[in-house]
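These notes are about the structure you will find just below.
The values are calculated or read from the model by the stated rules, or taken from the named source; none is laboratory data. What you see is a predicted model, and the numbers here were worked out from it, not measured in a lab. Don't worry about glycine lacking a Cβ; one is built from the backbone with ideal geometry, like all the others, and counts go over all protein chains shown. These accessible areas exclude ligands, DNA and RNA; they are computed on the full protein's heavy atoms, side chains included. Shrake-Rupley method; radii C 1.70, N 1.55, O 1.52, S 1.80 Å.
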There are 2 protein chains.
Amino acid sequence: MSAVLDDLHAALGADCVRAGADIPARAHADASGVAPTRPLALVLPRDVEGVSRALAICHAHGQPIVTQGGMTGLAGGAHPYETDVALSLERLTGIEEIDVEAGTLTARAGTPLQVLQEAAEEAGFMLGIDLGARGSCTIGGNVSTNAGGNNVLRYGMTRRNVLGLEAVLADGTVVSSLNKMLKNNSGYDWTQLMIGSEGTLGVVTRVVLALQPRPEGVRTALCAVSDTRAALRLLRVLERRFAGGLLVFEGMWRDFMEAATREVGLAPPFAEPHELLILVEAATGEGEAGTARFEEVLGAVLEDGLVVDAIVAQSESDRARLWAYRESPYEYQPKLPVFVSFDVSFPRGRIGEAVADMQRAARAHWPDALSVVFGHIADSNLHLIVGGPGIDKKAVEERVYGIVASYGGAVSAEHGIGRNKRAYLALSRSEPELALMRTIKRALDPADILNRGRVL
Amino acid sequence: MSAVLDDLHAALGADCVRAGADIPARAHADASGVAPTRPLALVLPRDVEGVSRALAICHAHGQPIVTQGGMTGLAGGAHPYETDVALSLERLTGIEEIDVEAGTLTARAGTPLQVLQEAAEEAGFMLGIDLGARGSCTIGGNVSTNAGGNNVLRYGMTRRNVLGLEAVLADGTVVSSLNKMLKNNSGYDWTQLMIGSEGTLGVVTRVVLALQPRPEGVRTALCAVSDTRAALRLLRVLERRFAGGLLVFEGMWRDFMEAATREVGLAPPFAEPHELLILVEAATGEGEAGTARFEEVLGAVLEDGLVVDAIVAQSESDRARLWAYRESPYEYQPKLPVFVSFDVSFPRGRIGEAVADMQRAARAHWPDALSVVFGHIADSNLHLIVGGPGIDKKAVEERVYGIVASYGGAVSAEHGIGRNKRAYLALSRSEPELALMRTIKRALDPADILNRGRVL
């Protein structure tokens, strides 16, 4: 190990390499709940050349590296093993360019998402990527994990927002495709391999993102429907009627709403509880014409009985009140003594059965636990939280992932596999797929230094 | 060779293997203009198992294979060398499922695009992929080339429309991820590698596509602007005002409009010629409210001078009349004695300079040739046609691709590299990128049997 450290020191300078007690606590743990661990060393390059030199050295020594961004990941992808050298991109920050005519933003990978969002807005655009950790997570991490979040229905996962990348390969080679063009079929799009591979195939150092026009006249409603089938019919109607304007379609089941009122003290939105509530947002244009358009569409789905009750937000405070239900888990989840939270997806047509299965499992096996289901129905992505005293996390995981597998679902919809879900990956992927992933990994990182022990 | 043929015969049956004069002419040439060539043999598997057996045999013998779909490609990707075994997917046709709730369509790779479009419409949706060759091209070919076309501004390239794939690897391994979920971050998304790699990394056999809601109230206008800069400002305004409703934004420069009137006899749309015309379509909703919304937005850009003149289509025949300009090259291009057509992209902000450069080059070097520029401005993708007697195709290509390189553009925006643009790929890609592509190719196809001599 000291040979690696010596080489890193010599190549990067003493101020870019930390070891032992000099490694700050923020490098010891991400947000995945794994016990903090001090890595062997922390490398803090100042530029892409520094990243390149660090990787070349680790490659030569067969020294595993874990890349760290905002440390907000929930799957343990950036959480160090004690045998890892941690590579932090915290010094590779800043927006390099906003090209208004191309509609692009170019930034260094360590830049926090929110910084990019604010710069995009200042330039009269918006970013298609948004998630709860916006203040801390970095765009490099978003790209590496193909982050999802709040805007996926309209703007897609992070993948869809990326036009170009610069990345450093395992041996230190810098590959750069800082493409600003929406269409480019000139050779393999290798950037697609980096997106979502959780840092196991390369280290993303620069990102070109497509900017989006800011939607005008965003309106909000809470709709009660009888069941998931009705919710999916409603989704089809709203997608057609609002055309590209439908922005949000978030499902909250009855157990979720009960927890929101019981645990956080929110007033129930309707006089009677409903099986399923849908939080809807759509951009229908400024002014009275936009309001009329939104209300006409909602009026039609109420009239034909597809929606059994609805509240339309008349003000920003109304809107905040409706969103408070959706955000209620952020209030009570951290207070649970033990909890397991899931980020799974199902083919949309099977969501109803899958939710019923999960609710049945919770009642049968964890009758005293809090258990809530909610999520991005339009994106086929559900979240499930099971929490309470004396929960056996592993037993809960095995049961829930078993349900996921039985419906042909995905064990991770948006958070990734990291360290924590490796054992379950084979439930969502066949052996030939896993073999292909290993072939790709071996080709790009033959010494297996990049995020070793993650994903595969 | 006869050993390969014997093995193919034995494994697939005599009716699935043709040789010599039994190979029909359609397997001799794609639409790229390369002289027809009879391949060594033609294999016509009936199912994915047949594809798998054929590839395993060719892999064992080191026998190159060229995969053929609708033979509409313009880059020579499916055009056979005489040393190739051609693998046609023409028997792998048919839609296997439309899942209305998941919003997905699953089809075998040899199914023509138009069959999928019609099935999607019958189910109350639309497909996000459309291109001129829709009647002949196959969805497998669309995926392999990441086809662009008419809908990219709103629905993206083919890549964005693909949720799942089944593919056969070079050694015959079948990998299947017939994913219907919009979010799935469970391991590497290997399907991204297949999309756009032009059949060099695997043979796509099944496709799951996302279905789109049909846009309501599509309206059309032809707008005259002073230059490309004004066009890009107009694009930003329309994208914001029409939100997700802007569907078409096609640029036609003055030389293009002159050819449309001179060669095809179309009446000029405006009393005076303009530097640049933009064909605009947007979905603004059914009925009078939709009409009012469209006209209000156009009225505003006319009033502030961004658009200097405009024609709004009042009927389907008006709409057809406006589209006739955009489609005029389909009339005169086939009659040109020699022509070169380009499919290039530039960062949007540089389109104006690049077009001027190309026009200057045409006047200086091919003064007697017909030369027109048009294209998908919003997508950063331009088409250029240079045609006439005595054109030296290679000289034209070298000059135009030189201009593309000087602006950091792409030698292929949507048609791909195939055989015909291999010599120019290095103008758009750096050596480390090309090396990475070769690494990927070697890992997935070590015997280099899949579309050998294409792309790389």
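Given in Å, the Rg to one decimal and the Dmax to the nearest whole number for the Cα atoms of segment B:170-277 are 21.8, 63.
Between the helical axis of B:431-444 and the longest alpha-carbon principal axis of chain B there is an angle of about 40 degrees. Between A and B, buried accessible area from a 1.4 angstrom probe totals roughly 6700 Å², ignoring ligands, DNA and RNA. Element breakdown for segment B:338-427 at a 1.4 angstrom probe: carbon and sulfur atoms account for 49% of the accessible area. Distance between the C-alpha centres of segment B:307-357 and segment B:208-230: 14 Å, rounded to the whole angstrom. Rg and Dmax of the protein assembly as shown, based on Cα coordinates, read 27.7, 85 Å. For segment A:224-232, backbone phi angles converted through the Karplus equation (6.51, -1.76, 1.60; θ = phi - 60°) give residue-by-residue couplings of 9, 10, 6, 6, 4, 4, 5, 4, 5 Hz, Gly and Pro being listed as x. In this calculation the C-beta distance from B:Glu272 to A:Ala292 is compared with R0 = 51 Å, giving a FRET efficiency of 0.80. Note on segment A:79-177: Cα Rg divided by 2.2 N^0.38 Å, N the number of residues, gives 1.12. With a cut-off of 12 Å between beta carbons, the residues surrounding B:Ser186 carry a summed charge of -1, where Lys and Arg count +1 and Asp and Glu -1.
With contacts taken as Cα pairs under 8 Å at a separation of at least 6 residues, chain B carries a relative contact order of 15 percent.
Among A:Arg134, A:Arg429, the order of accessible area from largest down is A:Arg134, A:Arg429, computed with a 1.4 Å probe on protein heavy atoms.
Normalised size of segment A:2-88, defined as Cα radius of gyration per 2.2 N^0.38 Å with N residues, equals 1.01. Across segment B:76-93, computed HN-Hα scalar couplings (Karplus, 6.51 cos²θ - 1.76 cosθ + 1.60, θ = phi - 60°) run x, x, 9, 6, x, 8, 6, 8, 8, 8, 8, 10, 9, 9, 5, 8, 8, 10 Hz from first to last residue, x flagging Gly and Pro. The heavy atoms of A:Met126 present about 30 square angstrom of accessible area, all protein chains included, probe 1.4 Å. Shape index of segment A:218-329: Rg/Rh, with Rg the Cα radius of gyration and Rh the Kirkwood radius from the inverse mean 1/r over Cα pairs, equals 0.95. Solvent exposure of segment A:336-433, expressed per residue, is 35 Å² of accessible area, with all protein chains present and a 1.4 angstrom probe. How about A:Lys180: which aspartates and glutamates have a C-alpha closer than 16 Å to its C-alpha, ignoring those fewer than 8 places off in the same chain? Of all the aspartates and glutamates, those that pass the test against A:Lys180 - Cα under 16 Å, at least 8 places apart if same chain - are A:Glu96, A:Glu97, A:Asp99, A:Glu101, A:Glu166, A:Asp189, B:Asp379, B:Glu414. In chain A, helices alone account for a calculated mean residue ellipticity at 222 nm of -10000 deg cm²/dmol, with every DSSP H run of four or more residues adding -39,500 (n - 2.57).
Amide H contacts for B:Leu163 (H built 1.01 Å from N in the peptide plane; partners 5 or more residues away or on another chain; cut-off under 5 Å): B:Val208, B:Leu209, B:Ala210.
Under 5 Å from the amide H of A:Leu87 lie the amide H atoms of A:Val43, A:Val66, A:Thr67, A:Gln68, each residue being 5 or more positions distant or on a separate chain, with H modelled from the backbone and absent for Pro and chain starts.
Sparsely packed loop sites in segment A:10-92 (the GluC sites (Glu not before Pro) outside DSSP H, G, I, E and B with at most 14 other Cβ atoms within 10 Å) comprise A:Glu82. Gyration tensor over the Cα atoms of segment A:336-433: the corresponding equivalent ellipsoid has semi-axes (square roots of 5 times the eigenvalues, largest first) of 21, 16, 12 Å.
Annotation: per residue accessible area for segment A:177-287 equals 28 Å², rounded to a whole number [probe 1.4 Å, protein chains only].
Its Kirkwood hydrodynamic radius, worked out from the mean inverse distance over all distinct Cα pairs, puts chain B at 23.3 Å. Tally Lys/Arg at +1 and Asp/Glu at -1 over every other residue whose Cβ is under 13 Å from the Cβ of A:Thr173; what's the total? Residues near A:Thr173 contribute -4 overall. Here the accessible area is traced with a 1.4 Å probe on the protein chains. For segment B:218-329, carbon and sulfur cover 48 percent of it. For B:Ala271, the label point sits 7 Å beyond Cα toward Cβ; its separations from the matching points on the remaining copies run 6.6 nm, from shortest to longest.
Here the Karplus relation 6.51 cos²θ - 1.76 cosθ + 1.60, evaluated at θ = phi - 60°, turns the backbone of segment A:192-206 into coupling constants of 4, 6, 6, 5, x, 8, 6, x, 8, 10, x, 10, 6, 10, 9 Hz, with x for every Gly and Pro. At the residue level, B:Lys394 shows approximately 130 square angstrom of accessible surface with a 1.4 angstrom probe and all protein chains present. Could you state the angle between the C-alpha long axis of helix A:113-122 and the longest principal axis of the C-alpha atoms of chain A, as a value from 0 to 90 degrees rounded to the nearest 10? Once rounded, the angle reads 70 degrees. The residues of segment B:400-445 occluded by other protein chains by 20 Å² or more of accessible area, set against the chain on its own, are B:Ala410, B:Ser412, B:Ala413, B:Arg429, B:Pro432, B:Glu433, B:Leu436, B:Met437, B:Thr439, B:Ile440, B:Ala443, B:Leu444; surface from heavy atoms, 1.4 Å probe.
In the context of the full protein assembly, B:His61 retains an accessible surface of approximately 80 Å², using a probe radius of 1.4 Å and ignoring ligands and nucleic acids.
Within a straight-line Cα-Cα reach of under 21 Å, A:Lys393 can be paired with the following lysines, leaving aside sequence neighbours fewer than 8 residues apart in one chain: A:Lys335, A:Lys421.
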